[in-house]
Amino acid sequence: MTTPEFVSADPDSHAALRAATAAVVEALARTASLPGPRTPLLPAELAALADALDPCPDEGAPLERVLQDVDGVLAGGIRVPDAGYVAHLHPPPLIAAAASELAVAVTNQSQDAFDGSPAGTYVEDRLVRWLARLHGLGAEGSGVMTMGGTASNLLGLLLARDRAGEHVRRDGLPPDHRTWRIVASDSSHDSVRRSAALLGLGLNAVAEVETDARGAMDVAALDARLEELRAAGLRPIAFVGTAGTTDLGAIDPLEALADRAQKLGAWLHVDAAVGSGLTLSPALRGRLRGIERADSVTCDLHKLWWQPFPASALLVPGVERLRAVHHASVYLNRPEDEAEGQLNLVGRSLDTSRRFDALKVLIALRATGRRRLAELVERCVGLAAHGAAAVRARPALELVAEPSTVMVCFRIRGEDALNTRVQRELFASGEAVLGRTRVRGAVVLKLTLVNPLIEPAQIDALLDRVVSASAAV
Ligand SMILES: Cc1ncc(COP(=O)(O)O)c(C=O)c1O
């Protein structure tokens, strides 16, 4: 008997899926039990591992064997649950969400059209409405799931652009578009600038505002910049407030931004890719005050919500705001069906085929519960506070800024080159994967604390290791 290749009504296919899943779990357990955040393999060794794998041999092989063949690939990767992996905003995923990925994959429904995902359409709609309310966007709040913060920021800024001019969608950018500006801090995410370029406004359309010592937009600098723009005849069409910057985790003064956006009739987009998880915690949500006045909000569920990639949402106070991307397709969201009230999410999205990621999110949030999620967020914020204190307690290190959310940036006292070298050496040895970035031009090291499994003592040990490595250099 041949093993079924597809999951169907056939009970043999269910047995095959169980066996395949068990084999994958075995492979994951082998990898997860390896020590450290990564195995110290050189780029050439990793490339050789990949080269040894024929992507598509003429004849297939049993899954167990193929998984053994790729053991080296899994082992050569990053182990996000390890306390030594603090480089990026890549959290360990909740088991409930990771396991539910199987349901997303096996059912393989696409969220573009009602007839591609009838129940899923309503589940996603329910989820984004709940998220929008949680972010204070009101009873009419809604949104759409996207592939990540980059995609959510692009969509938010596209909505802003299309509101700035008449019929931009139909006619393209009007002649005066060269005067349009997107006001964002100098620490806003790269995707803000990339969006400006993609939207035809150009990189120069982003008017940067300086940040204060903690990395948040400085209100006096904002007002000075607005005055400069006014004097030069330039028009702010959108303000971007970052709720949790990528390096310092800083939260911009959202209320001040909302006031200025309102006064100038401009769009307010809040990039809460990092900070949206704070809305779960009654103790922390106040830090995002002003987010409720946004025209659009980026909420990344694959960061401080512990979902596997991809899981993000663009949230809006009313679904009509997404009308700017609505496109009537003859085969998906057929006008005659929509006239009868049929909901087709393709009308809210820049994608066509799209995963039913809302399912894994809903399952994982229901399984975990809001109280526990809030505890996890609070734990990570507490780890950052601990990390900052631990940096201060080590004379060889200096803290770059007080943490506002879950990042701690610090420097080894000395040259940029020393900081670079220590970070590279710890990566090469497989002991630790620290973030390395630049703040105000200087090289800094970063702890990104999105992993609630980390114990404070492990942060202490990691910082001690940084100090001893720098002494050895
Ligand atoms: C503040 C901020 N916005 C947006 C993004 C982009 O998110 P993604 O990587 O999900 O596209 C990031 C990524 O780290 C981020 O830090």
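For a quick check of your reading of the model, give me the residue pairs whose first member lies in the range 187-199 and is over 12 Å from Arg161 (Cβ atoms), whose second is in a loop (DSSP other than H, G, I, E, B) and more than 8 Å from the ligand (Cβ to nearest atom), with beta-carbon atoms closer than 9 Å and at least 6 apart or on different chains.
Sorted first by the residue in the range 187-199, then by its partner, the pairs are Ser187/Gly215; Ser187/Ala216; Ser187/Asp247; Ser187/Leu248; Ser187/Ala250; Ser187/Asp252; Ser188/Asp252.
Which one of these does Thr245 not meet: (1) surrounded by fewer than 20 Cβ atoms within 10 Å (Cβ to Cβ); (2) within 16 Å of the ligand (Cβ to nearest atom); (3) touching a residue at least 60 places away in the same chain (Cβ under 8 Å)?
Only one criterion in (1) surrounded by fewer than 20 Cβ atoms within 10 Å (Cβ to Cβ); (2) within 16 Å of the ligand (Cβ to nearest atom); (3) touching a residue at least 60 places away in the same chain (Cβ under 8 Å) is unmet by Thr245, namely (1).
Sort out for me the helices (runs of 4 or more DSSP H) sitting completely within the range 37-117 that have 2 or more residues that are loosely packed, with under 15 Cβ neighbours inside 10 Å and free of Cβ contacts under 8 Å to residues at least 40 places away in the same chain. Full working, then the answer.
Details: elements: 43-51, 63-69, 71-75, 95-107.
Helices (runs of 4 or more DSSP H) meeting the threshold: 43-51, 63-69, 95-107.
List pairs: first in the range 305-325 and within 17 Å of Thr150 (Cα to Cα), second among the acidic types (Asp, Glu) and within 16 Å of the ligand (Cβ to nearest atom), Cβ under 7 Å, 6+ apart or cross-chain?
Cβ pairs passing all conditions: Pro310/Asp357; Ala311/Asp357; Ser312/Asp300.
Out of the range 292-314, which residues are open to solvent by 10 Å² or more (accessible area, probe 1.4 Å) and either within 15 Å of Gly244 (Cα to Cα) or more than 13 Å from the ligand (Cβ to nearest atom) (or both)?
Of everything in the range 292-314, those that are open to solvent by 10 Å² or more (accessible area, probe 1.4 Å) and either within 15 Å of Gly244 (Cα to Cα) or more than 13 Å from the ligand (Cβ to nearest atom) (or both) turn out to be Glu292, Arg293, Asp295, His302, Lys303.
Hey, could you check the range 118-151 for residues that are within 16 Å of the ligand (Cβ to nearest atom) and part of a loop (DSSP other than H, G, I, E, B) and say which is farthest from Lys303 (Cα to Cα)?
Looking at the filtered set, the residue picked out is His135.
Exactly one condition in (1) open to solvent by 30 Å² or more (accessible area, probe 1.4 Å); (2) free of Cβ contacts under 8 Å to residues at least 40 places away in the same chain is not met by Arg225; state its number.
It is condition (2) that Arg225 fails.
In the range 160-191, which residues are under 17 Å from Ala261 (Cα atoms) and either open to solvent by 50 Å² or more (accessible area, probe 1.4 Å) or part of a helix (DSSP H, G or I) (or both)?
Listed by number, the residues that qualify are Ala160, Arg161, Asp162, Arg163, Ala164, Thr179.
So the check is Cβ under 6 Å with 6+ separation or different chains; which pairs have a first residue in the range 1-20 that's more than 14 Å from Pro62 (Cα to Cα) and a second one that's of a type outside the set (Gly, Ala, Ser) and part of a helix (DSSP H, G or I)?
Val7/Leu17; Val7/Val106
Give the residue, chosen from Val240, Val219, Val206, that is in contact (Cβ under 8 Å) with a residue 40 or more places away in the chain and either within 25 Å of Thr437 (Cβ to Cβ) or within 15 Å of the ligand (Cβ to nearest atom) (or both). Please lay out each step first, then the result.
Working: Val219 fails: in contact (Cβ under 8 Å) with a residue 40 or more places away in the chain; Val206 fails: in contact (Cβ under 8 Å) with a residue 40 or more places away in the chain.
Among Val240, Val219, Val206, only Val240 is in contact (Cβ under 8 Å) with a residue 40 or more places away in the chain and either within 25 Å of Thr437 (Cβ to Cβ) or within 15 Å of the ligand (Cβ to nearest atom) (or both).
Looking only at strands (runs of 3 or more DSSP E) that fall completely inside the range 255-342, which ones have 1 or more residues that are charged (D, E, K, R)? I'd like the intermediate steps shown before the answer.
Working: elements: 267-272, 296-300, 312-316.
So the answer is 267-272, 296-300.
Here is a check on your reading of the model: is Val319 more than 16 Å from the ligand (Cβ to nearest atom), in the same structural domain as Lys360 (by TED's automatic domain parsing) and of a type in the set (A, V, I, L, M)?
For Val319, the condition - more than 16 Å from the ligand (Cβ to nearest atom), in the same structural domain as Lys360 (by TED's automatic domain parsing) and of a type in the set (A, V, I, L, M) - is met.
Can you go through Gly138, Gly148 and tell me which one is in contact with a Pro (Cβ under 7 Å, 6 or more places away or on another chain), modelled with pLDDT of 95 or more and over 25 Å from Ser188 (Cα atoms)?
Testing whether each residue is in contact with a Pro (Cβ under 7 Å, 6 or more places away or on another chain), modelled with pLDDT of 95 or more and over 25 Å from Ser188 (Cα atoms) leaves just Gly138.
Does the range 212-222 contain any residue that is crowded, with 22+ Cβ neighbours inside 10 Å and either over 20 Å from the mean Cα position of the chain (by Cα) or not in a loop (DSSP other than H, G, I, E, B) (or both)?
yes
Pairs only if they're at least six apart or on different chains, beta carbon under 6 angstrom, first in the range 382-400 and closer than 20 Å to Ala216 by Cα, second assigned to a helix (DSSP H, G or I); list them, first residue then second.
So the pair list comes out as Gly387/Ile459; Leu399/Ala388; Leu399/Val391; Leu399/Arg392.
Any idea which residue in the range 98-117 is farthest from the ligand (Cβ to nearest atom), counting only those that are closer than 19 Å to Trp306 by Cα and in contact with a Leu (Cβ under 7 Å, 6 or more places away or on another chain)?
Across the range 98-117, the extreme among qualifying residues is Ala103.
Restricting to the range 343-360, name every residue that is outside any loop (DSSP other than H, G, I, E, B), open to solvent by less than 30 Å² (accessible area, probe 1.4 Å) and among the hydrophobic types (A, V, I, L, M, F, W, C).
Going through the range 343-360, the residues outside any loop (DSSP other than H, G, I, E, B) turn out to be 345-348, 357-360.
After this cut, where a residue has to be open to solvent by less than 30 Å² (accessible area, probe 1.4 Å) as well, the list is 345-348, 357-358, 360.
Result: Leu345, Val346, Ala358.
Is it true that Trp267 is buried (at least 18 other Cβ atoms within 10 Å of the Cβ), of a type in the set (Phe, Trp, Tyr), assigned by TED's automatic domain parsing to the domain that holds Asp190 and under 29 Å from Ala103 (Cα atoms)?
For Trp267, the condition - buried (at least 18 other Cβ atoms within 10 Å of the Cβ), of a type in the set (Phe, Trp, Tyr), assigned by TED's automatic domain parsing to the domain that holds Asp190 and under 29 Å from Ala103 (Cα atoms) - is not met.
The values are calculated or read from the model by the stated rules, or taken from the named source; none is laboratory data. Everything numeric in this text was worked out from a predicted model, so none of it was measured. Note: ideal-geometry Cβ built from the backbone for every residue, glycine included; neighbour counts use all protein chains shown. Quick note on the areas: whole protein, heavy atoms, side chains included, nothing else; ligands and nucleic acids left out. Shrake-Rupley method; radii C 1.70, N 1.55, O 1.52, S 1.80 Å.
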